[in-house]
Amino acid sequence: MQATKLRLNLAVYLIFIACILLAPMFLEEFALNRLAKFLVFGMLGVAIALSWGYAGILNLGQGLFFGLGAYMLGMSLKLASPTSMAQGSDTPVPDFMLWNAEPGSKTDLCCINGGSWLWIPFQSHWFGILMGMALPTLVAFGLGTVVFRKRIAGVFVSVITLACVLLVRLLIVDAQPLTNGWNGLTDLGVLTIGETEFDPYSATTYYLVAISLSVTLILGRLLTETRSGMILQAIRDDYNRARYLGFEVSSFQVFFFCASALIAGYAGMLYVIVAEFASPSFMELSFSITMVVWAAVGGRGSLIGACIGALLINVIETSVSETPALVEAWKVIIGLIFVLVVLFMPQGIAGLASSVTDRALERFSGRAARLRQADSQHQPAE
Amino acid sequence: MTVAALTLDGLGVAFAGFKAVDGVSIIIEEGELRVVLGANGAGKTTLMDLISGKTRNTSGRVFLYDTDITHWQEHQIARAGIGRKFQIPSVFRELSVRRNLEVASFETPGVFSNLSLRQTAASKRRVEEALELTGLGPQADRLAGGLSHGQTQWLELGMLITQNPKILLLDEPTAGMTQAETHKTTEILNALRGKHTIIVVEHDMAFVREVARRITVMHLGQVLAEGDIKTIEKDERVKQAYLGSKGIM
Ligand SMILES: Nc1ncnc2c1ncn2[C@@H]1O[C@H](COP(=O)(O)OP(=O)(O)OP(=O)(O)O)[C@@H](O)[C@H]1O
Ligand SMILES: [Mg+2]
């Protein structure tokens, strides 16, 4: 029965992946771009499920990693924008840096204002991509090491992550000359790798997102099936028990916290490619909480459940936003959904699906057992 | 020739001046099953906390065979070969019974060495043995959170079996059990006897009579007496301190 369930689970993953890979055949470019955004949110759902569902770490600041990833690639794409080349210098300079230039300074990244040299390596898209993955992971490693070595757990971790995301958002808004503050990075160029251009409305970009999500789902699911994944879930249930079985509890927590941050950072980069902006709003508390709601509704105990939860809520939100009367009410609706899910469906849609299949399998195997019994009763008579 | 598996040398801890365990020296021989008796608050659990690294001792030393393991981290002590069952049974409630046993059987402490989908043959074999010995086979696919109290206790014992430590510290393994359940626990312990060195804290005298050869009695954080069941029953100080004048029972 366990094996059957695993096979069904695999089937769900494959069907989902097939669906998102086939979508371009049915959607025109505007809808495809919108779906790509939703898939990015789905990826954030996966990141939340990995840390909340599997590790028991409720990160209320996942937006920090998403935002860092977004800004890193955003910087590269800002330098690739035509306006950055049109500032009267041989090398690209972001337009907002001119507005914030130090008087009499040279129009060049080296010295237009204090710290602008940090942008120099981002002229390489590869560097932006590398940093988009490395920075969130490193920040998670630093934060995780401090928190989990000190054996901080539960709601305290949530509060710390929440404080971190707000702090970094303040820093980014404050560093106006370097980050364009409130406005964020807009008017971005197109990501170009080798000969390939990732135009946000192209099928190429959609496939980049869809394949990234598929790979994330598969690798993430495999990771949870490793011995480390099992130990992680054991730690979630009772970290003391795990410790006295001889496991170095904090190393597991830090590793999966980093993995979750890496996924979120990667999602942030994809979002910048698809949506063509990076903004401090990514690090607003409400966004991080929204991600948690997606995962709760989809089922935090399941990577694909949380992913589908994110897609579902965004699809609903989009259709609601076409009815003006409901736009205002949306925040109330989503709050209500969250409360209802927490109260009546703590394991979300995935949990519901799982218990339904359990019951179906039980009935099925029960019937099979009865048939076998009937068979063996017949045999002596033959 | 007997070998000392665990040596406690003047072990003690004080909580804000209150000496919960005070200068305890005990030598446990390899393969021995030692029962620790004592009234409520005598310091039995705290003694196990000191051995397993949960509480840092303020005096004395702990030796596992020839290795000084005083002040080691919990997971290092566990890896060195000391397994522990808690007074309040603790298992991984959201995982299946089998998964609980599997996790306990994994042989390395860190995250990277466990990034593999495979489980060793030895670890699989121990899981089957533990299912067999605890009789939890029929429950193997159920969530541990749904087990009865007695079954939860057996599962935790089973996890110690798959963990396969040299020394088992068992804190009241029959607490809250019915007579039949207690009896089954006795059988499990007798099956483990000899293969592991076992230290068990227990109140249930029927159980103690069935398993004990050597008993250590603790009182107010100190060792009051040590010996076989007859010696302990006759000991005047033990009678006064703990057992009343009626003898054990
Ligand atoms: N962390 C602590 N801080 C302060 N006092 C403690 C601490 N741990 C234990 N004690 C005290 O040490 C004494 C011994 O407690 P312990 O739990 O070891 O007793 P026990 O022999 O296991 O009793 P029981 O039979 O009730 O389980 C008690 O008085 C307890 O209140
Ligand atoms: Mg106790």
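Remarks
Listed here are the residues, each with its yes/no results for (1) within 14 Å of chain B (Cβ to nearest Cβ); (2) open to solvent by 40 Å² or more (accessible area, probe 1.4 Å); (3) under 19 Å from A:Ser51 (Cα atoms); (4) not in a helix (DSSP H, G or I).
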site	(1), (2), (3), (4)
A:Ile152	no, yes, yes, yes
A:Thr161	no, no, yes, no
A:Val168	no, no, no, no
A:Pro177	no, yes, no, no
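- Scanning region B:54-88 for residues that are farther than 30 Å from B:Glu233 by Cα, within 14 Å of ligand 1 (Cβ to nearest atom) and under 14 Å from the mean Cα position of the chain (by Cα) returns a single hit, B:Lys54.
- Test set (1) in contact with a His (Cβ under 6 Å, 6 or more places away or on another chain); (2) surrounded by fewer than 23 Cβ atoms within 10 Å (Cβ to Cβ) - A:Gly246 fails condition number: (2)
- Which numbered condition B:Phe112 fails, given (1) within 14 Å of the chain's Cα centre (by Cα); (2) within 12 Å of chain A (Cβ to nearest Cβ): (1)
- Summed over region B:189-210, the residues that are surrounded by fewer than 20 Cβ atoms within 10 Å (Cβ to Cβ) and away from ligand 2 (no atom under 16 Å from the Cβ) give a count of 10.
- On the stretch given as region A:1-24, residues that are assigned to a helix (DSSP H, G or I), touching a Leu at 6+ places or on another chain (Cβ under 8 Å) and either open to solvent by 50 Å² or more (accessible area, probe 1.4 Å) or of a type in the set (Asp, Glu) (or both) total 2.
- Subset of region B:81-109 (residues that are of a type in the set (Asp, Glu) and either within 7 Å of chain A (Cβ to nearest Cβ) or touching a Leu at 6+ places or on another chain (Cβ under 8 Å) (or both)): B:Glu94, B:Glu102
- All positions within region B:1-60 that are without any contact (Cβ under 8 Å) to a residue 40 or more places away in the chain, in a strand (DSSP E or B) and among the charged types (D, E, K, R): none
- For region B:64-74, residues that are open to solvent by 20 Å² or more (accessible area, probe 1.4 Å) and either among the hydroxyl-bearing types (Ser, Thr, Tyr) or facing chain A (nearest Cβ under 7 Å) (or both) total 2.
- Which numbered condition B:Ser116 fails, given (1) open to solvent by less than 10 Å² (accessible area, probe 1.4 Å); (2) at pLDDT 95 or above; (3) of a type in the set (S, T, N, Q): (1)
- Some residue of region A:257-266 being open to solvent by 50 Å² or more (accessible area, probe 1.4 Å), under 22 Å from the mean Cα position of the chain (by Cα) and away from every other protein chain (no Cβ under 14 Å): yes
- Hits in region B:35-61 - residues which are more than 16 Å from ligand 2 (Cβ to nearest atom) and crowded, with 20+ Cβ neighbours inside 10 Å: B:Gly53, B:Asn57
- Here region A:202-215 is the region considered, the condition is being surrounded by fewer than 22 Cβ atoms within 10 Å (Cβ to Cβ) and touching a residue at least 12 places away in the same chain (Cβ under 8 Å), and the residue that is farthest from the other protein chains (Cβ to nearest Cβ) is A:Ser202.
- Any hit, region A:303-320, residues being in contact with a His (Cβ under 9 Å, 6 or more places away or on another chain), on the phi < 0 side of the Ramachandran plot, of a type in the set (D, E, K, R) and open to solvent by 10 Å² or more (accessible area, probe 1.4 Å): no
- Checking each residue of region A:216-235 against the condition of being within 24 Å of A:Ser76 (Cα to Cα) and at pLDDT 95 or above gives at least one match.
- Of the set (1) open to solvent by less than 60 Å² (accessible area, probe 1.4 Å); (2) closer than 19 Å to B:Ile199 by Cα; (3) more than 9 Å from chain A (Cβ to nearest Cβ); (4) of a type in the set (A, V, I, L, M), all apply to B:Ala78 but (3).
- Residue within region B:62-80 that is within 16 Å of ligand 2 (Cβ to nearest atom) and under 28 Å from B:Arg142 (Cβ atoms) present: no
- Take the conditions (1) within 14 Å of chain A (Cβ to nearest Cβ); (2) surrounded by fewer than 17 Cβ atoms within 10 Å (Cβ to Cβ); B:Gly31 misses just one of them, which is (1).
- The numbered conditions (1) more than 30 Å from B:Met205 (Cβ to Cβ); (2) under 20 Å from the mean Cα position of the chain (by Cα); (3) among the hydrophobic types (A, V, I, L, M, F, W, C); (4) more than 12 Å from chain A (Cβ to nearest Cβ) are all true for B:Trp154 except (1).
- Any hit, region B:161-176, residues being open to solvent by 20 Å² or more (accessible area, probe 1.4 Å), charged (D, E, K, R) and more than 14 Å from ligand 1 (Cβ to nearest atom): yes
- Checking B:Leu136, B:Leu143 one by one, the residue that is over 24 Å from B:Leu50 (Cα atoms), more than 8 Å from chain A (Cβ to nearest Cβ) and out of contact with any strand residue (DSSP E or B) (no Cβ under 7 Å at 6 or more places or on another chain) is B:Leu136 and no other.
- Scanning region B:133-151 for residues that are in a helix (DSSP H, G or I) and within 25 Å of A:Lys5 (Cα to Cα), we see that the one that is most open to solvent (accessible area, probe 1.4 Å) is B:Pro138.
- Taking the criterion of being at pLDDT below 95, over 12 Å from A:Phe41 (Cβ atoms) and not charged (D, E, K, R), the residues of region A:302-328 that qualify are A:Ile316, A:Ser319, A:Val320, A:Ser321, A:Thr323, A:Pro324, A:Ala325, A:Leu326, A:Val327.
The values are calculated or read from the model by the stated rules, or taken from the named source; none is laboratory data. Note that the structure is a prediction, hence the values are computed from the model and not measured. So basically every Cβ, Gly included, is an ideal-geometry build from the backbone, and we count neighbours across all protein chains shown. For the accessible areas, the whole protein counts, side chains as well, though only heavy atoms, and no ligand, DNA or RNA atoms are used. Shrake-Rupley method; radii C 1.70, N 1.55, O 1.52, S 1.80 Å.
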